[in-house]
1. Build a GNM of chain A with springs between Cα atoms under 10 Å: which of A:PRO271, A:PRO215, A:PRO74 gets the top mean-square fluctuation?
2. For A:SER259, B:SER216, give the ranking by accessible area with the largest first, probe 1.4 Å.
3. Given an 8 Å cut-off on Cα distances and at least 6 residues of separation, report the relative contact order of chain A as a percent.
4. What residue among B:GLY275, A:ALA246, A:ALA3 has its Cα farthest toward the positive end of the dipole of the protein assembly as shown, where the charges are +1 on Lys, Arg and -1 on Asp, Glu, each on the Cβ?
5. State the antiparallel share, in %, of DSSP beta bridges confined to the protein assembly as shown, rounding to the nearest 5.
6. By DSSP, what percent of the beta bridges with both residues in the stretch A:98-269 are antiparallel, rounded to the nearest 5?
7. Using only the Cα atoms of the stretch B:1-129, build the gyration tensor, take square roots of its eigenvalues as a ≥ b ≥ c, and label the shape rounded, prolate or oblate: rounded if a/c is under 1.5, else prolate if a/b is larger than b/c, else oblate.
8. Under 15 Å from the Cβ of B:GLY225, count the other residues' Cβ atoms, weight Lys and Arg +1, Asp and Glu -1, and hand me the total.
2 protein chains.
Amino acid sequence: MPAPTLLVLDADPLPRLGRLTGRARIVHTDAAGLPARLPEADVLLVWDTAADVVRERWAGAGARPAWVHVAGVPVDRVLGLGLAASDAVVTNARGVFEEAVAEYVVALVLAMAKGLPAAWEAQRAREWRHREVLRVGGTRAVVVGTGPVGRTVARALKAVGVGVALVGRVARTGVHGPGDLDRLLARAEWVVAAAPLTEATRGMFDARRFGVMLPSARFVNVARGELVDEEALAGALRRRWIAGAALDVTARQPLAPGSPLWDVPDLLVTPRASGAFVGRHDRLAAQFVELWERWEAGRRLVNVVDKARGYVPGY
Amino acid sequence: MPAPTLLVLDADPLPRLGRLTGRARIVHTDAAGLPARLPEADVLLVWDTAADVVRERWAGAGARPAWVHVAGVPVDRVLGLGLAASDAVVTNARGVFEEAVAEYVVALVLAMAKGLPAAWEAQRAREWRHREVLRVGGTRAVVVGTGPVGRTVARALKAVGVGVALVGRVARTGVHGPGDLDRLLARAEWVVAAAPLTEATRGMFDARRFGVMLPSARFVNVARGELVDEEALAGALRRRWIAGAALDVTARQPLAPGSPLWDVPDLLVTPRASGAFVGRHDRLAAQFVELWERWEAGRRLVNVVDKARGYVPGY
């Protein structure tokens, strides 16, 4: 029996894939080569940063991979209609990024509370500018999204003394439903978006929701840019409806040099850095090899995405 | 019996001192007026930022206050020979600043791990610059200083997943002695100075100690500037002996616009902001009123500084 074909799209080097030597025929491709290669692939491995092309190129005749693994957490960028309607199993990298993303959220929250961006402006100007800082302990956060990222973010914020309310798609033990969201937003110093991008969440942080927040509130998005109406956020910051925001993701990535977001007052923009931790390639490859071994042995895959919902259910 | 005289030096407004109405004759003074006012004072209340003048002006004839309260944690700036040799009791603000300082240390550690200063440079340049970040969980820190600040810093770092070794003046349960310091420095990603300034600690972070640290190490000082040989630190950063540093205190404060420290690579300088949290005036005044009430009732004061050692002992 010939080894199955693993098609790898535009990946950063994953040294551990060497473990599949003799067990997989590994074919690398770029976006342009994808449509021609798809029919021969048994398995497709995709970085989520390269995932748009899968959604765009999936349509067409011929055999498709039975399994698509996204080496990232959000899967909306691969999940076009063609893939959603197909029999292919989609898995993601749940378990690899959560702690890093949670650390990044805590870093942004503390940096805003302690006024670090202003401190560095003052340092550039060689000015010893006295200023007050905010305590984080005893403040309140709302975390929207109850998957592993949202829950890990909530735990990390609690560890620095923040009271956290989790908001999910449905109310359940320890989780508020969407009906509580506005009431919770109205009393939180920190609002963190950690939800998957679905039709229910697209654009959910809009002018009305920023209007409900406290003037002292700061908003953080580490999930997907399209959760946020960016124009409404910029307006809310310019009008001082809220005190600050940090976006590690934006609707268009990379953000163009001409984007008005770069210089909105009290808005920090970082280039999707939360998950870009040193060591992730090893973790991602080890996870993929483990999944491959399950698949090879005919065992049930884990981290399987519910293609109708658009995320891995179970939380 | 006339109300005792409380001499207040250059304080920010402390609304709660109003509670002492009728029980204290409150006299405000500035540095120039201090020597003339000292002989009539029963109690002296000093901001630690205004404390140099007490050390400098204490010498001289006449009655002195029996009790000096420093509304801050470090007391080296009041403790001149005159005061140290006198019968006056010195107290400090232990209990007010620890949590805020610990949050600030975690903020600096996370900001350095996540490369936030570089991210904001990129934002100013309107550039979406991909970069990797470091995990903080699983790294190691050495915290030098086992008073309430050092211990609270250690607890806060542990809460974000950092393994912490505490180093104090003498080895005891849970605390390493000075003999372990170099060995611990040689394997720590984070080195935090949280010790009082005494003859034993002055200049302890010198070229030799920066030389012992890992090339990936980052140094944080939230205690007293004079713990650090600043020229040696600048050299260590320029030669890449260590990866970064953050000074919230410097030997001379405010740092002059011409100081070479402002633009040492990978050095963050902030203006003693760790303790400047919103709400501290209320906490400081409430603490002082409580101490006043003990003193008035002839009860033993707490937070009493050991004037020979230069800090409040007991840890």
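The values are calculated or read from the model by the stated rules, or taken from the named source; none is laboratory data. Owing to the predicted nature of the structure, the values given are computational and were not obtained by experimental measurement. In this analysis, Cβ positions are derived from the backbone assuming ideal geometry, glycine residues included, and neighbour counts consider all displayed protein chains. Ligands, DNA and RNA are stripped out before the accessible areas are found, and what is left, the full protein with its side chains, is counted by its heavy atoms. Shrake-Rupley method; radii C 1.70, N 1.55, O 1.52, S 1.80 Å.
1. A:PRO271
2. Details: A:SER259 15, B:SER216 55 Å².
Accessible-area ranking of A:SER259, B:SER216, largest first: B:SER216, A:SER259.
3. With pairs under 8 Å counted, the relative contact order is 16 percent.
4. Positive-end residue among those listed: A:ALA3.
5. On the way: 6 of 88 bridges.
DSSP beta bridges in the protein assembly as shown are roughly 5 percent antiparallel.
6. Details: 1 of 23 bridges.
Bridges in the stretch A:98-269 that DSSP calls antiparallel: roughly 5 percent.
7. Working: a/c = 2.94, a/b = 2.45, b/c = 1.20.
Judged from the Cα gyration tensor, the stretch B:1-129 comes out prolate (a/c at least 1.5, a/b above b/c).
8. On the way: positive: B:ARG77, B:ARG202, B:ARG224, B:ARG252, B:ARG272; negative: B:ASP48, B:ASP52, B:ASP76, B:ASP206, B:GLU226, B:ASP229, B:GLU230, B:GLU231, B:ASP248.
Taking every Cβ under 15 Å from that of B:GLY225, the sum is -4.
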